[in-house]
1. Looking at (1) of a type outside the set (Gly, Ala, Ser); (2) over 19 Å from residue 222 (Cα atoms); (3) in contact (Cβ under 8 Å) with a residue 24 or more places away in the chain; (4) open to solvent by 10 Å² or more (accessible area, probe 1.4 Å), which is the only condition residue 301 fails?
2. Any residue in region 173-196 that is at positive phi and within 22 Å of the chain's Cα centre (by Cα)?
3. So which residues in region 162-194 are under 19 Å from residue 293 (Cα atoms), open to solvent by 60 Å² or more (accessible area, probe 1.4 Å) and either touching a Ser or Thr at 6+ places or on another chain (Cβ under 6 Å) or at pLDDT below 90 (or both)?
4. When you scan region 250-286, how many residues do you find that are β-branched (Val, Ile, Thr) and open to solvent by 30 Å² or more (accessible area, probe 1.4 Å)?
5. Select, from 84, 60, 107, the only residue that is touching a Gly at 6+ places or on another chain (Cβ under 8 Å) and open to solvent by 10 Å² or more (accessible area, probe 1.4 Å).
6. Residues being closer than 18 Å to residue 259 by Cα and among the polar types (S, T, N, Q): count how many of those fall in region 271-288.
7. Specify which of the listed residues (286, 292) is at pLDDT below 90 and among the aliphatic types (A, V, I, L, M).
8. Being closer than 18 Å to residue 253 by Cα and among the aliphatic types (A, V, I, L, M) is the requirement here; does residue 181 meet it?
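The values are calculated or read from the model by the stated rules, or taken from the named source; none is laboratory data. Here the structure is a predicted model, which means the values were calculated and not measured. When we count neighbours, we look across all protein chains shown, and the Cβ atoms used for this are built from the backbone with ideal geometry, even at glycine. Protein only, heavy atoms only, side chains kept; ligands, DNA and RNA dropped before computing areas. Shrake-Rupley method; radii C 1.70, N 1.55, O 1.52, S 1.80 Å.
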Amino acid sequence: MAAGSASGGTAAPGRAIERHSIDHVPAGERHGVVWHQGPFWFTGAFVVPSMLVGFIGPGLGLGVAWSVVALGIGMALGTGFMALHANQGPRLGLPQMIQSRAQFGSLGVTFPLLVAVFIYLGYNVFQFIFSAEAIQVVAPGGTDLWIVVFAVLATALSLVGHDLLHIFQRWSSYVTIVVFAILSVVVVSHFLAGSAHPTVHGFAIAPFLVQITAATGYQISYAIYVSDYTRYLPENTPVRKVIGWTFWGGFLGATWPGWIGVIIASYTTATDPVAALHSVGNVLFAGFGVIAVLGTLPALIGTSGVNSYGAMLCGATIVDGFRHIRPTLTVRVVGVVLAGAASALVTVVLPADYLNSFNTFLAILVYLLVPWSAVNLVDFYLVRKGHYSIADIVDPRGRYGLWAWRGLTAYLVGFLAMVPFLSLSFYTGPVTSAIGGADISFEVGLMVAGGLYLWLSRSRGAEVPVPRTVAEAQSLT
């Protein structure tokens, strides 16, 4: 249990617009139902980029069955790590990334925070591109206006905050399930059970491992989000339930469209997921392709709002580390607007020729995220076992210090250990080359960073902080 916090309290605050940001959520304002994590993460993961992950195995010549298996393994591994972060929200009542001050220090955590900000904004770029492409199916023309429209909608969701994002994602999940259940029947009956023949066959270890690693990394990237949306749950929320609902929501939400992508890519030469959905949907009847494509919009808009919200939290944490700020409503609103505007601006000005390079940039950021996740989880579950002084986390000059050498060392060594195993458009590590192009860098980074941090922290295993009261924590915000 987090020192300096109280348990119980389930009353909803009753505010239309969220007031909290990087500050502690007190027991009296905790509310929510744990099963809502399921549809929230289902919708958050059921986006077009998840379908693109399924294109990878077939694109490398891996047969449909092996691609399905590899994608499922990777999604399960990545979602497992992501879901473990969910338990931190109810216990600490804090957003995800500010908790890392306990492992890296209030200034030392700046680099992981910057990585998270760029991931949030980068994902929004792709979300806005796919949203504009989807709407062009029924309203052809320039994309810039639609990008701005979707950015405004996503920003509006973020401005209202946590509760509206939960409601929007939950209701969107019902629409998504209906549309894509029908589409899945079409895909299976037309390709797997029909007369069509796959264009790729067989098994090879390199593409099998590449597909696993891509899916694992994709889901691990959600680790920066999780506690942001579990921190309002009561502190006594059962661990098994909060992790379980997060896991199954995130796993099914990412794996389902990923498997659709595997099947389509195995039987066609499609490279554009939106065009592929349109084409396959029309197999059922002319016009269902439009329904399938438009069915992707709620998840894309909602998740873009989630990204802007997370970017605001990380940005405010960075600023607070250098100059302590009071996380007022004004700070939250300004942060959300800046995040939404920055995402829209990059999307509009980014030339199409640079999309592949931008995708590589995001891949590097996800690589950089892996050692952070390992250190954060090892500290929470194995070193401090959930015992933290919340007031010292929200205080940038608190007991956790400006720079925490154990976390920073484990992070750096963990990333360096990944380098020989990386596989990028401009660089292939020597070990990866020796094993035929198979990328196992995520597994290496997790084990090295987590194992080293555990070893460096072996003398502090029984450490329990002297509590500072909730009143002290709130006085700092």
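1. Failing condition for residue 301: (2).
2. no
3. Passing the criteria: only 190.
4. To start, the set of residues in region 250-286 that are β-branched (Val, Ile, Thr) comprises 255, 260, 262-264, 268-269, 271, 274, 280, 283.
Add one more test, that the residue is open to solvent by 30 Å² or more (accessible area, probe 1.4 Å), and what stays is 268-269, 271, 283.
Number of matching residues: 4.
5. Answer to the check: 107.
6. Matching residues across region 271-288 total 2.
7. 286
8. Criteria met by residue 181.
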